[in-house]
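The values are calculated or read from the model by the stated rules, or taken from the named source; none is laboratory data. No experiment lies behind these values; they were computed from the predicted model shown. Cβ placement follows ideal geometry from the backbone for every residue including glycine, while neighbour counts extend to all protein chains displayed. These accessible areas exclude ligands, DNA and RNA; they are computed on the full protein's heavy atoms, side chains included. Shrake-Rupley method; radii C 1.70, N 1.55, O 1.52, S 1.80 Å.
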Amino acid sequence: MLKRIVFKSIQNRKNRILVAIFAVIMGASMVSTLVNIALDLNGKVAKELRAFGANLVLLPDDIRENNGQLISMDEIDKLKDTGRINDVYGYAPYLYSIGKIEEQNVVIVGGQFENIKKISPWWKVEGSWNNDNSDESTIMVGNKVAAKLGYKIGDTVTLNIREETDKKESFTEKTDKTEKIPVDGISSASQSLNGDAAKRWPLNILSEMNQGKYTPKQFKLVGTVSTGGSEDNQVFIKLKEAQLLFGKKAQVNLVQISVLTNKNPIEITASQIEKQIPGTKTRILSQISKAEGNIQDKILFLMVLVTVLTLIGSGLSVMSTMTTTVLERRKEIGMMKAIGAQNKKIAAIFYAEAGAVGLIGGIAGYILGVLMAQIVGKSVFDTFIGFHLAVIPVTLVSTVLLALISSKIPVGQAVNIDPVITLRGE
Amino acid sequence: MYGRILRKSIKVRRKRIILAVIAVIMGASLISALTGVYLNIEEKVGKELSSYGANIIVKPKGDDISLEIGGVNYSSNQQQNFLKEDELYKIKKIFWKYNILGFSPYLSTVVKVGPENESVVLTGTWFDKEIDIPDEAFKSARVGVKTIAPWWTVDGEWINDEENKPEAILGSAVAKQLENRAGDTVSINYNGKMIELKVVGILHTGGEEENQIFTNLATVQGLTGLQGKVSEIKVSAAITPEDDFAKKDITQMTKEEYIRWYCTPYISSIALQIEEVITDSDALPIEQIASAQGNFIKKIKLMMMLITLVAVAASALGVMTAMTTSILERRKEIGVIKAIGARTNQIIALFMAEVAAIGVIGGIIGYGLGIGLAQVIGNAVFNSTVAINVIVLPVTIIIAIGITMIGSMIPIRNALKIDPVIVLRGE
């Protein structure tokens with residue numbers, strides 16, 4: 001009979017029930033939108049912050065530096081192993097040398113341009129990029145170089161490339177006697193055995209610059225680079241070609257790594273990398289990583305606060321609507337009591353109705369909220385917001401509970417008053 | 001008589017009126033708080049992003065190609081062109097002076113260091129000082145490396161700009177190479193000229209600064225004979241993201257457009273204004289920082305706007321339903337008043353007066369509460385107050401009153417259309 005009463009009641013009071021459901025939908029959808037966004041926000045923000053560039057640099061460790069050893073391409077491939085190293089968004093290996101263009105000393109950079117495009121998206125290139133996959137000898141120059149030497153796109157640029165002198169022999173005695181040096185400690189072991197203090201790159205640039213033989217090589221200028229940074233003064237060729245020309249087959253000076261920091265702090269990824277690639281060390285670029293951690297925390301906190309406030313606000317609003325609905329039915333309650341219904345049974349009818357309103361409103365509101373979250377996600381971050389199963393039961397339970405609690409007070413009051421008073425109209 | 005009916009109505013239905021007012025307060029406070037935060041978000045996020053450091057670099061016009069890696073200049077040949085140190089204060093006098101968060105000058109040269117005569121880059125700069133800015137309200141400004149590179153961590157002590165002692169901060173890579181620690185003295189040799197600097201701190205940043213030795217600007221100027229000269233200035237400015245208008249070619253703009261562009265803190269207009277005060281300079285955005293800052297601010301602004309719109313719409317609709325509900329339940333009343341002969345517009349006036357009162361009171365209280373909430377958010381998240389934007393008050397009140405009245409109008413109109421007999425019967 002409970003069912004029949006509730007159904008008939010809904011049928012008769014269709015309009016008012018719909019209005020109540022609508023109120024619940026509004027509240028539930030707002031909360032659903034915000035919670036869905038908030039759950040995904042950290043990941044989205046972390047990815048956006050990668051636009052500031054690499055936050056980690058991979059270098060040869062101190063023992064290798066003393067021996068003039070660099071990082072090999074095979075070792076770099078380990079960065080792709082997502083099973084062992086998490087959260088790498090992208091990386092770009094670099095090999096440097098100093099060469100001459102028309103008697104001017106210039107820094108020559110060998111890089112992989114597809115990777116550079118991904119982790120350094122701020123490079124402004126006029127013309128086109130070097131194509132990593134083609135065999136053509138192409139070059140990009142910084143805008144300062146182009147301006148000073150009067151180069152235009154399509155010109156042929158002659159680079160005089162220094163042949164590296166092989167230092168391996170002079171260091172072999174040292175390797176047995178050097179110990180593992182702590183990253184920021186100062187050790188005398190490596191230095192004292194050799195008259196020339198170990199020349200670490202890039203500090204060795206200054207002393208080695210004008211020595212050695214230079215060989216000319218011609219390149220086609222395909223583009224100019226503007227960044228406001230050091231790139232404006234550098235020239236860029238393909239990594240494979242650089243490795244060949246500098247005599248450093250399959251090696252690089254460093255790898256710039258762009259690491260996502262929403263799941264794990266950057267220190268964890270850095271130590272994973274050092275563990276997987278022995279003989280290397282990582283440097284965390286505090287300029288990028290400090291600011292990034294700070295901003296991520298604040299944006300998330302902002303979202304959480306806004307969500308909580310909205311929860312409270314819409315919760316109270318929904319409650320007030322539901323309470324008003326029931327308050328106006330005090331006469332009904334009085335009537336039912338007068339004809340003999342028990343308090344408990346009367347309350348059950350109203351709670352059932354409120355529960356139905358809460359459930360239906362909650363489901364519809366949740367779906368609407370998910371749609372709105374997708375709209376926000378797509379417009380702001382260009383990706384969809386992930387689906388979180390947990391949000392459904394949480395939303396539904398809260399809306400039903402809210403509806404029940406807001407009915408409890410008026411129903412509770414109404415059943416306890418003498419029916420005569422409520423029937424009278426007060 | 002209207003007054004009496006209104007007052008009696010409120011007295012009898014006190015509880016329900018309060019409930020309606022609560023609904024309006026909740027909606028209005030959410031609208032007021034979120035709109036207040038949205039209007040401030042660009043400034044707040046911009047300030048957070050300034051911790052990424054300098055976003056503009058100022059160099060002398062037409063200077064030579066330098067050997068630079070990671071921002072460190074390894075060129076040993078002398079530059080031809082320099083900027084003037086005594087013009088630096090003018091950077092805090094440009095149109096966008098309040099957006100200049102800090103700047104620092106640099107003069108670098110390659111020197112030989114230590115007993116092994118190793119080549120190292122020596123850079124002179126300001127660390128943390130107040131300079132006088134004549135004829136300005138703020139009288140002085142804080143400048144130096146600390147204002148444009150807040151991530152620097154120095155093991156030991158910073159250099160005191162005022163004392164001008166012969167001191168140095170070594171980048172950690174250089175310290176390792178030279179085997180120096182804080183307390184040691186390094187001997188610097190520049191083309192035969194020798195000076196001794198006491199190492200007061202070791203710099204850790206993870207970046208290429210670790211390959212330099214830092215000292216007072218005046219020390220390097222004295223050493224190289226370049227008194228009063230600097231080779232570059234790094235500036236940190238609070239910028240507004242570039243939009244389509246900013247990307248227009250300034251030579252193609254009309255006078256009004258140019259004024260509008262000049263008076264918006266785009267990075268390009270701030271850079272131009274710096275070029276105007278520093279003789280023979282080129283001021284360029286440091287794209288790595290500037291473009292990422294702009295894009296990020298844009299995204300967060302858009303996100304806040306959409307969220308605020310969603311919340312405003314949902315709150316407004318929620319308030320509307322609350323009002324609708326409370327009117328719907330009074331259909332019998334409407335029927336009775338109609339039955340005893342009241343005219344339609346009198347009935348509407350009576351109910352609307354009540355509703356409008358609810359809207360106004362709820363709106364004002366909600367607005368005030370919302371301002372408080374906005375401050376709570378501002379303080380908790382950004383450690384600063386949210387500026388009270390005057391426009392939020394009329395917007396909130398209008399929405400509150402408008403929504404309450406619309407929400408009530410519809411059921412009242414419906415109730416009035418029906419034959420009082422049916423309403424009185426109870427359907």
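As for the stretch A:302-309, it holds at least one residue that is touching a residue at least 24 places away in the same chain (Cβ under 8 Å) and open to solvent by 50 Å² or more (accessible area, probe 1.4 Å).
Listed here are the residues, each with its yes/no results for (1) under 30 Å from residue A:210 (Cβ atoms); (2) open to solvent by 50 Å² or more (accessible area, probe 1.4 Å); (3) under 20 Å from the mean Cα position of the chain (by Cα); (4) assigned by TED's automatic domain parsing to the domain that holds residue A:260.
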| residue | (1), (2), (3), (4) |
| --- | --- |
| A:61 | yes, no, no, yes |
| A:103 | yes, yes, no, yes |
| A:118 | no, yes, yes, yes |
| A:130 | yes, no, no, yes |
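In this structure, residue A:34 does not satisfy being over 30 Å from residue A:363 (Cβ atoms) and crowded, with 21+ Cβ neighbours inside 10 Å.
Is it true that some residue in the stretch B:61-78 is touching a Lys or Arg at 6+ places or on another chain (Cβ under 7 Å), closer than 30 Å to residue A:208 by Cα and either among the β-branched types (Val, Ile, Thr) or crowded, with 22+ Cβ neighbours inside 10 Å (or both)? Taking every residue of the stretch B:61-78 in turn, at least one turns out to be touching a Lys or Arg at 6+ places or on another chain (Cβ under 7 Å), closer than 30 Å to residue A:208 by Cα and either among the β-branched types (Val, Ile, Thr) or crowded, with 22+ Cβ neighbours inside 10 Å (or both).
Condition check ((1) open to solvent by less than 50 Å² (accessible area, probe 1.4 Å); (2) in contact (Cβ under 8 Å) with a residue 12 or more places away in the chain; (3) out of contact with any Cys (no Cβ under 7 Å at 6 or more places or on another chain)) across all residues:
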| site | (1), (2), (3) |
| --- | --- |
| B:274 | yes, yes, yes |
| B:289 | yes, yes, yes |
| B:293 | yes, yes, yes |
| B:302 | no, no, yes |
| B:306 | yes, no, yes |
| B:312 | yes, yes, yes |
| B:334 | yes, yes, yes |
| B:341 | no, no, yes |
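All conditions but one from (1) over 26 Å from the mean Cα position of the chain (by Cα); (2) within 14 Å of another protein chain (Cβ to nearest Cβ); (3) more than 19 Å from residue B:310 (Cβ to Cβ); (4) in contact (Cβ under 8 Å) with a residue 60 or more places away in the chain apply to residue A:315; the one that does not is (3). Restricting B:18, B:22, B:31 to those that are over 30 Å from residue A:291 (Cα atoms), within 11 Å of another protein chain (Cβ to nearest Cβ), within 35 Å of the chain's Cα centre (by Cα) and open to solvent by 40 Å² or more (accessible area, probe 1.4 Å) reduces the list to B:22. Here the stretch B:128-143 is the region considered, the condition is being more than 19 Å from residue B:95 (Cβ to Cβ) and in contact (Cβ under 8 Å) with a residue 40 or more places away in the chain, and the residue that is farthest from the other protein chains (Cβ to nearest Cβ) is B:132.
All of (1) assigned to a strand (DSSP E or B); (2) open to solvent by 30 Å² or more (accessible area, probe 1.4 Å); (3) farther than 30 Å from residue A:291 by Cβ hold for residue B:234 with one exception: (3).
Residues considered: B:85, B:130, B:116. Of these, the only one that is over 28 Å from residue B:68 (Cβ atoms) and either touching a Cys at 6+ places or on another chain (Cβ under 7 Å) or assigned by TED's automatic domain parsing to the domain that holds residue B:226 (or both) is B:130. Within the option set A:95, A:79, being away from chain B (no Cβ under 14 Å), open to solvent by less than 10 Å² (accessible area, probe 1.4 Å) and within 30 Å of the chain's Cα centre (by Cα) holds for one residue only, A:79. Would a scan of the stretch B:38-47 turn up a residue that is facing chain A (nearest Cβ under 7 Å), modelled with pLDDT of 85 or more, part of a helix (DSSP H, G or I) and surrounded by 22 or more Cβ atoms within 10 Å (Cβ to Cβ)? The answer is no; no qualifying residue exists.
Assess whether residue A:65 counts as being assigned by TED's automatic domain parsing to the domain that holds residue A:214, among the charged types (D, E, K, R) and crowded, with 17+ Cβ neighbours inside 10 Å. When the stated conditions are applied, residue A:65 passes them. Sub-8 Å Cβ pairs linking a first residue in the stretch A:357-378 that is within 10 Å of residue A:400 (Cβ to Cβ) to a second residue that is surrounded by fewer than 17 Cβ atoms within 10 Å (Cβ to Cβ), at least 6 apart or interchain, are A:358/A:401, ordered by first then second residue.
Checked against the criterion of being within 32 Å of the chain's Cα centre (by Cα), within 12 Å of chain B (Cβ to nearest Cβ) and at pLDDT below 90, the candidates A:51, A:28 yield just one match: A:28. Restricting attention to the stretch A:123-141 and to residues that are assigned to a strand (DSSP E or B) and not aliphatic (A, V, I, L, M), the residue that is nearest to the other protein chains (Cβ to nearest Cβ) turns out to be A:124. With respect to (1) under 23 Å from residue A:382 (Cβ atoms); (2) facing another protein chain (nearest Cβ under 7 Å), the lone exception for residue B:297 is condition (2).
Just one of the listed residues (B:178, B:122) is open to solvent by less than 40 Å² (accessible area, probe 1.4 Å) and within 22 Å of residue A:62 (Cβ to Cβ), and it is B:178. Sort out which residues of the stretch A:260-273 are more than 14 Å from residue A:84 (Cβ to Cβ) and either at pLDDT 90 or above or crowded, with 23+ Cβ neighbours inside 10 Å (or both), and write them in order of number. Within the stretch A:260-273, A:260, A:261, A:265, A:266, A:267 qualify.
Residues that are within 22 Å of residue B:222 (Cα to Cα) and in contact with a helix residue (DSSP H, G or I) (Cβ under 9 Å, 6 or more places away or on another chain) number at least 3 in the following strands (runs of 3 or more DSSP E) confined to the stretch B:123-208: B:167-171, B:185-190, B:193-204.
Within the stretch A:274-297, the set of residues being open to solvent by 30 Å² or more (accessible area, probe 1.4 Å), within 7 Å of chain B (Cβ to nearest Cβ) and free of Cβ contacts under 8 Å to residues at least 40 places away in the same chain comprises A:287, A:290, A:294. Checked across the stretch B:384-392, the condition of being free of Cβ contacts under 8 Å to residues at least 60 places away in the same chain and part of a helix (DSSP H, G or I) holds for no residue.
Conditions (1) more than 18 Å from residue A:242 (Cα to Cα); (2) in contact with a Leu (Cβ under 8 Å, 6 or more places away or on another chain); (3) open to solvent by less than 50 Å² (accessible area, probe 1.4 Å); (4) modelled with pLDDT under 90, marked per residue:
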residue: A:71; (1), (2), (3), (4): no, yes, yes, no
residue: A:85; (1), (2), (3), (4): yes, yes, yes, yes
residue: A:110; (1), (2), (3), (4): no, yes, yes, no
residue: A:113; (1), (2), (3), (4): no, no, yes, no
residue: A:122; (1), (2), (3), (4): yes, no, yes, no
residue: A:139; (1), (2), (3), (4): no, yes, yes, no
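Summed over the stretch A:222-250, the residues that are buried (at least 21 other Cβ atoms within 10 Å of the Cβ) and out of contact with any Gly (no Cβ under 9 Å at 6 or more places or on another chain) give a count of 1. Please indicate, with yes or no, whether at least one residue in the stretch B:321-328 is free of Cβ contacts under 8 Å to residues at least 60 places away in the same chain, at the interface with chain A (Cβ under 7 Å from one of its Cβ atoms), of a type in the set (A, V, I, L, M) and surrounded by fewer than 24 Cβ atoms within 10 Å (Cβ to Cβ). Scanning the stretch B:321-328 turns up no residue that is free of Cβ contacts under 8 Å to residues at least 60 places away in the same chain, at the interface with chain A (Cβ under 7 Å from one of its Cβ atoms), of a type in the set (A, V, I, L, M) and surrounded by fewer than 24 Cβ atoms within 10 Å (Cβ to Cβ).
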